[in-house]
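The values are calculated or read from the model by the stated rules, or taken from the named source; none is laboratory data. All of these numbers come straight from a predicted model, not from anything done at the bench. Counting neighbours? That spans all protein chains shown, and the Cβs are built from the backbone with ideal geometry, glycine included. Quick note on the areas: whole protein, heavy atoms, side chains included, nothing else; ligands and nucleic acids left out. Shrake-Rupley method; radii C 1.70, N 1.55, O 1.52, S 1.80 Å.
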Amino acid sequence: MLEWLMMLCAAVLVAIIWSSSKVSGTEEHANTAPKGPSRTLKDDGCTDHTRSVELICKPSALANYLLKNCTTFTNYSPWVGWTWRASAILQSFYETCWSYGSPVHFVRDNLQLSDDGLVALDWAFPSYQKRRRTSSHSTSPVLLIIPNSLGKITRNALQLCQTALSHGYLPAVFNRRSHNGTPLTTVKLQQFGDPADLREAVRYIRYRQPASKLYAVSEGTGSGLLLSYLGECGSSSYVTAAVCLSPVFRCQSWFENGLCWPLQWALVLYQKMCLSRYRTALSPSIHMDSLFSTSSLRGLEEVLFCGQVGCASALPTGTGGSAPASWDSYWERNEPLRDVDEVAIPVLSVCAQDDPVRGNTQSTIPWELFESNPHFFLLLTDRGGHCGFSTPCELSITGPANSATALSSVKANGVTNWSHRALLEFFRATTDFFAAEERTKQLAARRRGLGGGTGGRVFRHRSVSTCKRVPECSHNIHAIYNWQRSYTR
């Protein structure tokens, strides 16, 4: 244990030295990084080209509505000057690795899947609430949180749960197989962009909270799973709106190009520590010596799923038991943007130009996606790091007046996360926009004499009853799964 602690301290020291050399160049990076002013949609009253955040999207009625009603989008004031919070590396490290004494408690549902595997949903509740279960008749919106692909529950995710609770949401954290203490009952590990397990978890949420709207938020590399799910299910995703915080879009090239060695070393070490728990169970299907000798994220992914070094790989979930033949074929079925044209709900991506994990802004952000697809919106900031976006507390108290939990958090920590306020405002605005559109359609139908009953209640962002590619996605959930087999811990 002492050896791991010494190596972690060495990694932190290297990160501090490297990031301190970057602070002096932050302003230059912000001025030279490509912002694409022609891509920016601004309201008529905004002529400031030096602001630290901009909305990039295809012009549409929804985009104009967001600009008018989401004041947080244009109200981002990052830390400046010679403070450690102005460093992208240190801010990212703080939000992802630093401990957080959250007053939120979790109640876990372990869901047994169709192949006898297990995933977990951690439902967040405030510590003062005595009743730890919600009624199935509750209409409170559900916020599904998808952590990064390593499964670590970060400070950022805990703060998001706390903020969501203070705004009336029911947060639920999705844990993949073997992640965050979830038991591994099969030799199958979830591939990077395979949404099969997430699809079953979403059906369970709809079964448990049938009257609630469902929203989704992903963090970092977890955005690959969310985008894969939204693209594969299309209008059948059951999700009203989604947000990706500091997403990695071009995942194959991200694995191939690699990160700076301190970050890559830390991520590889953490993943090896998690997999070492299942060394004996996975050894018949994975060459464990090759796994623990690799020094890159690509090497880990290849050994786990591509059957490299002449050994059989872990059987991928939902692929009929046959492993991909090569690295390229693996990403043909796991690249998050492979079915992006099928996404049928509003998706907001919050990115910072100085994100040390995603990489170069110009080459890693798919500008053409936000320029041409009306469902995708990009909030691009000059600073913020990876899932950072912290602001001074005096600029952050914009929540509800009765939000005692959020206000106490601001007083205790001295900062607040701007991205959390932005995503909650995005959810509210998109819901209000489509509700207004539906009322307008009903009124027009009545005027034409067609009636405004339930027959015309078709929300454009609502889901239909079946999945595009998986016909067993139906409302008749009892015919597919026996939820009594699932158990709660």
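Key figures for this structure:
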{"quantity": "Qualifying residue in region 137-149 (condition: in contact with a helix residue (DSSP H, G or I) (Cβ under 8 Å, 6 or more places away or on another chain), crowded, with 17+ Cβ neighbours inside 10 Å, modelled with pLDDT under 95 and not in a loop (DSSP other than H, G, I, E, B))", "calculated": "no"}
{"quantity": "Evaluation of L214 against (1) touching a helix residue (DSSP H, G or I) at 6+ places or on another chain (Cβ under 7 Å); (2) surrounded by 22 or more Cβ atoms within 10 Å (Cβ to Cβ) (one fails), failing number", "calculated": "(2)"}
{"quantity": "Any pair with Cβ under 6 angstrom, 6 or more apart, that starts in region 344-355 at a residue that is free of Cβ contacts under 8 Å to residues at least 60 places away in the same chain and ends at one that is open to solvent by less than 10 Å² (accessible area, probe 1.4 Å)", "calculated": "none"}
{"quantity": "Looking only at region 171-195, and only at residues there that are modelled with pLDDT under 95 and of a type in the set (A, V, I, L, M), the one that is farthest from D339 (Cα to Cα)", "calculated": "L184"}
{"quantity": "Members of region 259-284 found to be assigned to a loop (DSSP other than H, G, I, E, B) and exposed (fewer than 15 other Cβ atoms within 10 Å of the Cβ), listed by number", "calculated": "C260, S283, P284"}
{"quantity": "Hits in region 344-366 (condition: under 20 Å from L226 (Cβ atoms) and outside any loop (DSSP other than H, G, I, E, B))", "calculated": "V347, L348, S349, V350, C351, A352, T364"}
{"quantity": "Subset tally (residues that are closer than 13 Å to V217 by Cβ, open to solvent by 20 Å² or more (accessible area, probe 1.4 Å) and either under 15 Å from the mean Cα position of the chain (by Cα) or of a type in the set (G, A, S) (or both)) for region 160-200", "calculated": "0"}
{"quantity": "Candidates G168, G193, filtered to the one that is more than 21 Å from S114 (Cβ to Cβ), outside any helix (DSSP H, G or I) and not charged (D, E, K, R)", "calculated": "G168"}
